[in-house]
Amino acid sequence: DAGVTQSPTHLIKTRGQQVTLRCSPISGHKSVSWYQQVLGQGPQFIFQYYEKEERGRGNFPDRFSARQFPNYSSELNVNALLLGDSALYLCASSSRDTGSYEQYFGPGTRLTVT
Amino acid sequence: AQSVTQPDIHITVSEGASLELRCNYSYGATPYLFWYVQSPGQGLQLLLKYFSGDTLVQGIKGFEAEFKRSQSSFNLRKPSVHWSDAAEYFCAVSYSGAGSYQLTFGKGTKLSVIP
């Protein structure tokens, strides 16, 4: 079975621009979470979606938004990019139907803001 | 709020030596505990998890971890390290709060292996 996939792999944006990152969960998984990993740090939680509803939000500004589609894929949007938004953005999926709480991560999208 | 502390930023061991990576968490109830490994430029791979029951859990790649409630610790161990184990290791905690099972990570421990 395919794991979590993310696109694009890398991208470079300019300050003030907007960016959209995409994630496809493992087949059968209905929950998707987004994390930001700044160089040298552990990942930080941004959002969690389950059955297309937001179930959790981390301490990030309103410039960050996300949504989940009927096929359970997800998009993360970041507006008005700042240099500090440069990071590896990780998507994780989990299957809450089985009571399983572990999350499986994709390879990430490396965002560089110049 | 929950937090995770990994006191060792960088550890170097010789190939074949044993390994222990430390992790302490701060949370009132029993959390769900995880160890992930990350190779350079890659995503995170789940090594093992603890939800309940036996406090010694086995994972992939020969790793194990022991949950000690009295010490709020969940240390990762491996009896004999291989050069391919060189990577960054993250301890994480999760709990059910308002329907979200978000993960809180430590800052990670980078493992270097000397041939």
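Observations
- Across chain A, the relative contact order, built from alpha-carbon pairs under 8 Å that are at least six residues apart, equals 37 percent.
- When the alpha carbon gyration tensor of chain B is reduced to an equivalent ellipsoid, its three semi-axes come out at 24, 15, 12 angstrom, largest first.
- Shown here for region A:6-114: GluC sites (Glu not before Pro) in loop regions (DSSP other than H, G, I, E, B) with at most 14 other Cβ atoms within 10 Å, namely A:E51.
- Loop-exposed trypsin sites (Lys or Arg not before Pro) per DSSP, neighbour cap 14 Cβ within 10 angstrom, longest uninterrupted part of chain A: A:64-114
- Choice from B:L46, B:L21, B:L76 showing the highest fluctuation, given a GNM over chain B with Cα pairs closer than 10 Å: B:L46
- Exceedance of the 24 Å cut-off in Cα-Cα distance is limited, within the set A:K13/B:K110; A:K30/B:K107; B:K61/B:K107; B:K49/B:K107; B:K78/B:K110, to A:K13/B:K110; A:K30/B:K107.
- D_trans [Stokes-Einstein, Kirkwood Rh over alpha-carbon pairs] for region A:48-114, 20 °C, 1.002 mPa s, µm² s⁻¹: 160
Taken together, the values in this text are just the output of simple stated rules run on the coordinates, not laboratory data. Fair warning: this is a prediction, and the values are worked out from it, not measured in the lab. Note that each Cβ is placed from the backbone with ideal geometry, even for glycine, and that neighbours are counted across all protein chains shown.
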